[in-house]
Amino acid sequence: MRRSMILMLILVVFHAAPALADHWAADMFETTKHDFGTVARGAKAEFKFNLKNPYLEDVHIAGVRSSCGCTQVRVEKETLKTYETGAIIATINTQSFWGNRSATLTVTFDKPYYAEVQLHDTVYIRSDLVLEPGSVVLGEVDQGRAIEKKIAVSHSGGSDWRIVDVRSDNPYVSGKAVNGRDYGGQVSYDLVVRIDPKTPAGYLRDHLMLVTNDQQMSQVPVLVEGQVVSDLTISPAPLFLGVVQPGEKVQKQVVLRAKKPFKILSVDCKDHSFQFGKTNNSEAKNWHLVPVTFVGGNQKGKIAQTIHIQTDLGNGGTELPAFAVVADPSN
């Protein structure tokens, strides 16, 4: 296949220059550097170095290591098939370290070819500012429900330290600092975080910014994360049906779940390459299986469409992104 041949040529051309030959692996990453900025001691500071496999071959991550104990690192998904995404997750140990810290994360690939990619992170961990717990953990939140969570913020080293504002770039997430207290040079607040009932369904991961009267380090981020769960969930989403030859058929099952019994009224897509098996609508159930079949046509490359699913839940319908890759047999 064409991309496979291109990848092979790159490795042959740069056989004598390993650093250049590793470009195929580095090109999969959205970024290879991240600055966490200034964070409080005990705060949860985590960043995903996202990557995507654009090749027809499977990509396998053999391992990853960190040059500093200040950064713990793990692999979200070891094997990535065509167009699948994953991440190398870097987490700062803000409990045991403070001050300026940096780490180099070395990611090793052994498939389709051997390569190494280096990722870099930097951070400044404040020893005088502590969050307990280290982030605002929402857990699962039903869509349409308002929720409040509280964490403690404490500062040592002067009774004149103050939180003057709490800012958010997400209109559905807000916070306020209340109950300011001074215990002989240690100032503490309760940070109350509120999630709006109009928050869209999906994974929520944002930062509130504490604005203080500290002229040198006036802003401190606080991580807010959770899952806003809708009445209806679909898995897998998005739906990838694989790499097929022209005329070849491939089928996968889509699972629809809800907290109360429901019926599927219709499933359709404007592209007739996507076909749907019959669903049992005689009975309302908490989950349904929808067989989805893709037939490879004459158009080569990535075929992306939206599957529209209508139920009797009264939510206006649900959209499922779906795609497949039609291979070119001539390559």
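Values in this text are rule-based calculations from the coordinates and carry no lab data. This structure is a prediction, so every number in the text was calculated from the model and none was measured. Here Cβ is always computed from backbone atoms with ideal geometry, including for glycine, and neighbour counts include all displayed protein chains.
Quick rundown of the values:
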quantity: Taking only Cα atoms of the stretch 153-279, radius of gyration then Dmax in Å; calculated: 24.3, 77
quantity: Prolate/oblate/rounded label for the stretch 203-331 (Cα gyration tensor, a/c 1.5); calculated: oblate
quantity: Candidates Tyr172, Tyr124, Tyr83, ranked by Gaussian network fluctuation over the chain, Cα under 10 Å, top entry; calculated: Tyr172
quantity: FRET efficiency, Met209 to Lys77 (Cβ-Cβ, R0 35 Å, nearest 0.05); calculated: 0.70
quantity: The stretch 232-326 - percent relative contact order, Cα under 8 Å, separation 6 or more; calculated: 36 percent
quantity: The stretch 116-184: Cα Rg divided by the 2.2 N^0.38 Å rule of thumb; calculated: 1.50
quantity: Inter-label distance for Lys278 and Thr106, nm, one decimal - labels placed 7 Å from Cα along Cα-to-Cβ; calculated: 6.0 nm
quantity: Degrees between helix 2-13 axis and first principal axis of the chain (Cα, 0 to 90, nearest 10); calculated: 60 degrees
quantity: Among Asn179, Asn53, Asn286: highest mean-square fluctuation, GNM of the chain, C-alpha pairs under 10 Å; calculated: Asn179
quantity: Rg over Rh [alpha-carbon atoms, Kirkwood Rh] for the chain; calculated: 1.05
